[in-house]
Amino acid sequence: MASMRDIKRRKESVQSTGQITKAMKLVSTVKLQKARGRAERSKPYFDRLYETIVQALARSGNIQHKYLTAGSSPKKAIIVISSNRGLAGGYNSNVIKLVTRGEFKKEDVVIYNIGTKGLDAFKREGYEIKADYSDVIESPLFSDAIHIGADVLKAFIEGEVGEIYLAYTAFKNTVTHVPTLRQLLPVDSSIVEDAMADHTPMNYEPGEDEALNIIIPKYLNSLIYDGLIEAVASENGARMQAMDNATNNAEEMISDLTLLYNRARQGSITQELTEIIAGASAIS
């Protein structure tokens, strides 16, 4: 059995850790309130944008355009959004598994990374890192999404990659965050087929090439920005839950250690009393 001194030191250590996790929970809660409001306000717009583009393409017939046809390259560009910090439960590992344990072959994947946790993981696994934008996740702006989108689109147009994907954590609510892999370009044919219930033809003015050259980059940039916003909200929600669980565990450990300390103290007192009584009996 551990001594009273060891138990006391252990209890003080757990108390210190509990104070830290409680403080981190409070910080994450404040950040979550801001990030959640931003995500919830913008999500309807980005969802409607995605639906509108898909429906427009579904009613456009067989358009041959550089943004809508898969390239000849087997390479797949995947924009992966993780975080720069840990202590967020399975937030980072879940989104990384979408790539490392998904259907893609490692040699066919080119990573456009956002977040140092993802960067470290993909380097360990031997994936090709095309670009790293880890600073972006601290305070994402639409201009950041434009920059990332321009780099990925350039690789797509030049034939370096044949498909573009976005791996991020979708924000549903405070406790529900869903790792999501979305195909950005070319638009998933199955989704286009589902949107073909309305057969009204789509006409472009001044022309389909000119219109799509403007629409598709904006569509791509908007979905990347949506992914960044939802990822920030999901990260803070996951960290708040993780720190709440850690704080509760610390409180349980403190309770157990307090009980153990009291038992050890009572045992010590009992032993001292026994020794005193035994000594008095020997003298008498």
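What to note about this one:
- Acute angle (nearest 10 degrees) that the helix 116-125 long axis makes with the longest principal axis of the chain, alpha-carbon atoms: 80
- Asn262/Glu125 FRET efficiency (R0 45 Å; Cβ-Cβ; nearest 0.05): 0.35
- Stokes-Einstein D for the chain, Kirkwood Rh over Cα pairs, 25 °C, 0.890 mPa s (µm²/s): 110
- Once the Cα atoms are used to define both axes, helix 4-58 deviates from the longest principal axis of the chain by about 10 degrees.
- Think of it as helices only: each DSSP H run of n ≥ 4 in the chain is worth -39500 (n - 2.57), and spread over all residues that comes to -22000 deg cm²/dmol at 222 nm.
- Between the Cα long axis of helix 208-283 and the first principal axis of the chain there is an angle of about 10°, rounded to the nearest 10.
- Extension gain from Val178 to Arg38, taking 0.36 nm per residue of separation minus the Cα-Cα distance: 48.7 nm
- Space enclosed by the convex hull of the alpha-carbon atoms of region 10-71, per residue, Å³: 145
- Peptide ranges 70-83, 37-50, 229-242 listed from the most packed, as the mean C-beta count within 10 angstrom indicates: 229-242, 70-83, 37-50
- Exceedance of the 21 Å cut-off in Cα-Cα distance is limited, within the set Lys97/Lys117; Lys75/Lys97; Lys34/Lys97, to Lys34/Lys97.
- DSSP beta bridge pairing in region 38-241, given as percent antiparallel to the nearest 5: 35
- Cβ-Cβ FRET estimate between Lys105 and Asp244, R0 fixed at 51 Å, reported to 0.05: 0.85
- Separation between Cα centres of region 46-70 and region 130-144, rounded to whole Å: 26
- Computed over the chain, relative contact order equals 32 percent, with contacts defined as Cα pairs under 8 Å that lie 6+ residues apart.
Every read-out reported here was derived from the displayed coordinates using simple, explicitly stated rules and does not represent laboratory data. From a predicted model like this one, the values you see are computed outputs, not experimental measurements. In this analysis, Cβ positions are derived from the backbone assuming ideal geometry, glycine residues included, and neighbour counts consider all displayed protein chains.
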